[in-house]
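The structure under discussion appears below in the form of C-alpha cells.
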Amino acid sequence: MGIVFAQADGGGLVANPVAEQLLGRPLKGASLEMTGVNPIVLTTDGKPVRREDVPIVRALLTGQLAGPEEFLILHPDGSRLPVLMTAAPVFGPSGKVRGVVSTAQDVTTRHELDRLREEYVSLISHDLRNPLHTISLRVGLLRRALRERNLEREESMTESIQRSVAWMNTMIEDLLEGSRLESQRETLRREPRDLARFLEEVMERDVAPDVRERFHLEVPGALPPIWMDAARLERVMANLLSNAAKYSPGGQPITVRAQLQPEQVVVSVKDLGPGLSPEDAARVFDKYFRTQKSGASDTKGLGLGLYISRLIIEAHGGRIWVESEPGQGSTFSFSLPVAPPGASPLPLQLPDDQAPAAGDGSAVSA
C-alpha cells in the first residue's frame, strides 16, 4: 500500500516506494500546490480531477477524513492505474491540522475479479434463460389446450408451472442486476420527473388490485422535479410496496409519503406489520440476507431485493434505511438529491485557522 504524508505548512512530501510506484513518478521534492488542474489524477471515467478534490488536499482543507474514493492515476507512459485513495488529517496539540496522511491501494485485481464475476453470472443467466423461455412457451400452449378440453385440474397444474418459471426468471434478473450495479459499469438513465405523479403511477401498476385500497399516498407541499432513472426507481418502490403488503396484517393501512427536506426528498413506506428486531434491521439491506422469522411465504427469492434497492438508491446519490421495532411495524425510507447529477456542491466554509494561505497547494505534483 502506498503511503504519503504532506505537511500543512507547504513542506515537501514524504512517501514510501510503493506510493511512488503507484503514482508512476518520484515524489522526493514534490509539494502541494493550490491552483490548476491535477495532470495525473483522473476520475474513473477519465476526466481530470481538480486539485481540491484529491483526498489528500481535501483532508488538508477541511480537517476531515476524505475517501475512500477511487481514481485513475495517469502514468507518464500513458497507462492508467485504478487506485483507492483515503486521506486523514493529523492534528497538533493545539487542535490545528499539522499534516495529512494519505493511502493509495492498487485495485486492478479487484476490477478483474469483478469483470470475471460479471461474465460468469451473465453466461449462467443466459444458459438458464433459454430453456426457461422454451418451458414457458410450451406450458402456455399446453394450458390453452387443456382449457379448450375443460380439464380444469390439469390447467391449474400448468398455471403453477408458469408461476415457478416466472419466479426463476425474477431470480435470474436479480442476479444480473446485482452484478451490474456492483461493478458500477451500468450508467443510470436519469431524467427529471414529477415524483408525486411517478409514485401514483407506480402504485397503480405494481400494487395488486385486491390490496390497492390499503395504500395511501401523502405528499405535503409541492416537490421539485427529481432526476431519476425511473425504471430502476420503480424497482425499488415495487419491492418496498410488495414487502409492506406481504408483512402487514390484512386490512391495515400502508402509508406512502414523499416530503421535501433540505437539498433532498425523502420517500417512505410505512406498514403496521410485525416489525423487525434490531439485529434484522441492521442487516436487512445486506446481500442474500433473509430475516430469521421469515414465514413459508417468504422462502422464495434470493434475498437480493432490498440489497439491489440499496445499490440503486446509492447510485442516485441517496441512502436507504429502515426504522422498526418488534410489534410496531416498519418504515422503509430513502432519500434522493434535489440537485441535478453532477451539480457542484456549495463551497466549503473553513475556519480561519484552517483557511489555506496563498501559494499552498491542492494536488500532488512532481
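The values are calculated or read from the model by the stated rules, or taken from the named source; none is laboratory data. Here the structure is a predicted model, which is why all the values come from computation and not from measurement. Here the Cβ is made from the backbone with ideal geometry for all residues, glycine too, and neighbour counts use every protein chain on show. For accessibility, only protein heavy atoms count, side chains too; no ligands or nucleic acids. Shrake-Rupley method; radii C 1.70, N 1.55, O 1.52, S 1.80 Å.
Couple of notes before you dig in:
- Of the residues screened, GLU152 is not one that is modelled with pLDDT of 80 or more, loosely packed, with under 11 Cβ neighbours inside 10 Å and under 30 Å from ARG58 (Cα atoms).
- Segment 97-131: number of residues that are closer than 30 Å to LEU13 by Cα, among the charged types (D, E, K, R) and touching a residue at least 12 places away in the same chain (Cβ under 8 Å): 2
- Test for LEU175: is it farther than 22 Å from PRO337 by Cβ, free of Cβ contacts under 8 Å to residues at least 24 places away in the same chain and hydrophobic (A, V, I, L, M, F, W, C): no
- Number of residues in segment 173-216 that are within 24 Å of GLN259 (Cβ to Cβ) and within 25 Å of the chain's Cα centre (by Cα) equals 18.
- Test: residue in segment 302-315 that is under 30 Å from HIS75 (Cα atoms) and at pLDDT 80 or above: yes
- Of note, LEU137 does not satisfy the criterion of being modelled with pLDDT of 90 or more, more than 25 Å from ILE308 (Cα to Cα) and either out of contact with any Asp or Glu (no Cβ under 9 Å at 6 or more places or on another chain) or surrounded by 13 or more Cβ atoms within 10 Å (Cβ to Cβ) (or both).
- Scanning segment 223-269 for residues that are open to solvent by 60 Å² or more (accessible area, probe 1.4 Å), of a type in the set (A, V, I, L, M) and within 20 Å of GLU177 (Cβ to Cβ) turns up just one, ALA231.
- Residue in segment 69-85 that is buried (at least 17 other Cβ atoms within 10 Å of the Cβ) and part of a loop (DSSP other than H, G, I, E, B) present: no
- Of all residues in segment 244-255, those that are of a type in the set (A, V, I, L, M) have Cβ atoms under 8 Å from Cβ atoms of residues that are open to solvent by 40 Å² or more (accessible area, probe 1.4 Å), 6 or more apart or on another chain, in ALA244/LYS270; ALA245/ALA208; ILE254/HIS216; ILE254/LYS270; ILE254/LEU272.
- Pick from segment 86-100, criterion open to solvent by 30 Å² or more (accessible area, probe 1.4 Å) and either of a type in the set (Ser, Thr, Tyr) or touching a Ser or Thr at 6+ places or on another chain (Cβ under 9 Å) (or both), ranking: nearest to PRO26 (Cα to Cα): THR86
- Filtering segment 182-219 to residues that are part of a loop (DSSP other than H, G, I, E, B), at pLDDT below 90 and either farther than 19 Å from GLY318 by Cβ or in contact with a strand residue (DSSP E or B) (Cβ under 6 Å, 6 or more places away or on another chain) (or both) leaves ARG185, ARG190, VAL207, ALA208.
- Screening segment 1-59 for strands (runs of 3 or more DSSP E) wholly inside it with 2 or more residues that are open to solvent by less than 20 Å² (accessible area, probe 1.4 Å) and modelled with pLDDT of 80 or more returns the ranges 2-7, 37-42.
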